[in-house]
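Chemist: Submitted below is the structure of interest, expressed as structure tokens.
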Amino acid sequence: MAGVRLVSLTKRFGNTEAVRAVDLEVRDHEFLVLVGPSGCGKTTVLRMIAGLEEPTSGDIYIGDRVVNDISPKDRDIAMVFQNYALYPHMSVYDNMAFSLRLSKLSRDEIDRRVADAAGMLGIGDYLQRKPVQLSGGQRQRVALGRAVVREPAVFLMDEPLSNLDAKLRIQTRAELIKLHRRLGITTIYVTHDQVEAMTMGDRIAVMRHGEVQQCDAPQEIFDHPANRFVAGFIGSPPMNFVEVQLAEQDGRLVARAEALQVTLPESFGEMAAVREHTGEQVTFGVRPTDIHDASLPGPVAPEPGNTLATTVEVVEPMGAESMVYLRAGEHSLVASLNSATCAVEGAQLATALNLDHAHLFDPETGETIA
């Protein structure tokens, strides 16, 4: 087992800087998720770690050694690709055993490793089948098994679940988590799906424009995003943002906009960074889960400083909850409400906001103020 460390890692394709001075440390045995929108550089980072792309500058450490000039086969890594990359003419057994034969392991050792991995992944009955005879989920397990048998120091996974249907994706996600806990192999997992990132990673590194915006535990990123981009990317549905004027009223800070005025918690007024923006425009952020139907019992009691009159535009029933699209003046909001809500399309709805979980962002830099 080994950790991975990236030091000022940069990659340019002509005049395009795909990865910009990334500093990142993946601890031994850790499951780290690289997440971000398409084109943010996450797969390029993974390919440089694997040795499939050469860095323009910077260093890659696996364990204590710099591997920039070491060939992929000698880096002690195993990679799982999005498209499975199985040999169609080979059986499941031969696909899994291929790299072990190249390493000239004994037949008994190859049989042991393949049998162990197949049993662990539930594909022991398919060893003599060809990939064309398998479902998408079974093929993905074979691809995982091919990586597992190598017993590498590091797993690299490039969106391995993106080709699966929703139900199978959830099932395989759970299997991957259990597999990591059983093997304890350092894993770097790339995805654009923030739900996968939140549920799978020990830590998440959120990327944008080739840079890491924030790297921390999933709940820490959700509760304390470093900037507006992270706040909007992590969380489903994403956080609501409203441009407001920050003002002082009766000794308390209030956030004002057309058809919206809320009184911020006293803790906000105690922050010097917030006080500095009094009288200025800031971005107010509140998550859909922190907007509640004021007519129902909830975590916050409706008060003059936390209520908002809205018009219901769309209601999406989802069983235990309903996604409700609201309008307050010119501002559109999404709320995740209890399914008992009285929200009806076209009707008025009084909402109560949990302002203890609200955020303020600098409108120019996007950095978090509170």
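Chemist: Mind listing whichever residues of region 128-145 are open to solvent by 30 Å² or more (accessible area, probe 1.4 Å) and part of a loop (DSSP other than H, G, I, E, B)?
Modeler: Gln128, Arg129, Lys130, Ser135 - these are the residues of region 128-145 that are open to solvent by 30 Å² or more (accessible area, probe 1.4 Å) and part of a loop (DSSP other than H, G, I, E, B).
Chemist: Among the residues of region 234-252, write down those that are open to solvent by less than 30 Å² (accessible area, probe 1.4 Å) and among the hydrophobic types (A, V, I, L, M, F, W, C).
Modeler: Ile234, Met239, Val242, Val244, Leu246, Ala247
Chemist: Filtering region 57-77 down to residues that are open to solvent by less than 40 Å² (accessible area, probe 1.4 Å) and touching a Lys or Arg at 6+ places or on another chain (Cβ under 7 Å), which residue is nearest to Ile185 (Cα to Cα)?
Modeler: Restricting to residues being open to solvent by less than 40 Å² (accessible area, probe 1.4 Å) and touching a Lys or Arg at 6+ places or on another chain (Cβ under 7 Å), the top hit is Ile62.
Chemist: In the list Pro225, Pro218, Pro265, which residue meets the criterion of being modelled with pLDDT under 95 and not β-branched (Val, Ile, Thr)?
Modeler: Working: Pro225 fails: modelled with pLDDT under 95; Pro218 fails: modelled with pLDDT under 95.
None of the other options fit; the residue is Pro265.
Chemist: Select, from Tyr93, Tyr61, the only residue that is hydroxyl-bearing (Ser, Thr, Tyr), in contact (Cβ under 8 Å) with a residue 24 or more places away in the chain and not in a helix (DSSP H, G or I).
Modeler: From the options Tyr93, Tyr61, the qualifying one is Tyr61.
Chemist: Can you tell me which condition Gly279 does not meet? The list is (1) closer than 30 Å to Asp23 by Cα; (2) touching a strand residue (DSSP E or B) at 6+ places or on another chain (Cβ under 7 Å); (3) of a type outside the set (Lys, Arg), and all the others hold.
Modeler: That leaves (1) as the condition not met.
Chemist: Which of the following residues is buried (at least 21 other Cβ atoms within 10 Å of the Cβ), over 30 Å from Arg141 (Cα atoms) and within 15 Å of the chain's Cα centre (by Cα): Ala231, Ala255?
Modeler: Working: Ala255 fails: within 15 Å of the chain's Cα centre (by Cα).
Of Ala231, Ala255, the one residue that is buried (at least 21 other Cβ atoms within 10 Å of the Cβ), over 30 Å from Arg141 (Cα atoms) and within 15 Å of the chain's Cα centre (by Cα) is Ala231.
Chemist: So, of the residues in region 146-180 that are open to solvent by 30 Å² or more (accessible area, probe 1.4 Å) and of a type in the set (A, V, I, L, M, F, W, C), which turns out to be nearest to Leu52 (Cα to Cα)?
Modeler: Ile177
Chemist: Could you please find all residues in region 125-151 being among the acidic types (Asp, Glu) and modelled with pLDDT under 90?
Modeler: Quick first cut of region 125-151, residues among the acidic types (Asp, Glu) only: 125, 151.
Of everything in region 125-151, just one residue is among the acidic types (Asp, Glu) and modelled with pLDDT under 90, namely Glu151.
Chemist: Here's another thing I want to ask about it. Does at least one position in region 358-365 carry a residue that is open to solvent by 80 Å² or more (accessible area, probe 1.4 Å), part of a loop (DSSP other than H, G, I, E, B) and under 21 Å from Asn227 (Cβ atoms)?
Modeler: Looking only at region 358-365, we keep the residues that are open to solvent by 80 Å² or more (accessible area, probe 1.4 Å), and these are 364-365.
Applying the additional criterion that residues be part of a loop (DSSP other than H, G, I, E, B) yields 364-365.
Filter once more, so that each one left must be under 21 Å from Asn227 (Cβ atoms): 364-365.
Within region 358-365, one or more residues are open to solvent by 80 Å² or more (accessible area, probe 1.4 Å), part of a loop (DSSP other than H, G, I, E, B) and under 21 Å from Asn227 (Cβ atoms).
Chemist: Starting from region 285-305, take each residue that is touching a residue at least 40 places away in the same chain (Cβ under 8 Å) and acidic (Asp, Glu) and list its partners that are open to solvent by 60 Å² or more (accessible area, probe 1.4 Å) and assigned to a loop (DSSP other than H, G, I, E, B), counting only C-beta distances under 9 angstrom and pairs at least six apart or across chains.
Modeler: Matching pairs, first to second residue: Asp290/Pro299; Asp293/Ala340; Asp293/Cys342.
Chemist: Which of the residues belonging to region 220-243 are touching a Phe, Trp or Tyr at 6+ places or on another chain (Cβ under 6 Å) and within 17 Å of His209 (Cβ to Cβ)?
Modeler: Arg228, Ile234
Chemist: Still on this structure, I have one more. Taking Ala85 as the residue in question, decide whether it is open to solvent by less than 50 Å² (accessible area, probe 1.4 Å), in a helix (DSSP H, G or I) and in contact (Cβ under 8 Å) with a residue 12 or more places away in the chain.
Modeler: Values: open to solvent by less than 50 Å² (accessible area, probe 1.4 Å): yes; in a helix (DSSP H, G or I): no; in contact (Cβ under 8 Å) with a residue 12 or more places away in the chain: yes.
Considered against the rule, which asks whether it is open to solvent by less than 50 Å² (accessible area, probe 1.4 Å), in a helix (DSSP H, G or I) and in contact (Cβ under 8 Å) with a residue 12 or more places away in the chain, Ala85 comes out as no.
The values are calculated or read from the model by the stated rules, or taken from the named source; none is laboratory data. All figures in this text were calculated on a predicted structure; none of them were measured in a lab. Cβ atoms come from the backbone with ideal geometry, glycine included; neighbour counts cover every protein chain shown. Keep in mind that these areas ignore ligands, DNA and RNA; they rest on the heavy atoms of the full protein, side chains included. Shrake-Rupley method; radii C 1.70, N 1.55, O 1.52, S 1.80 Å.
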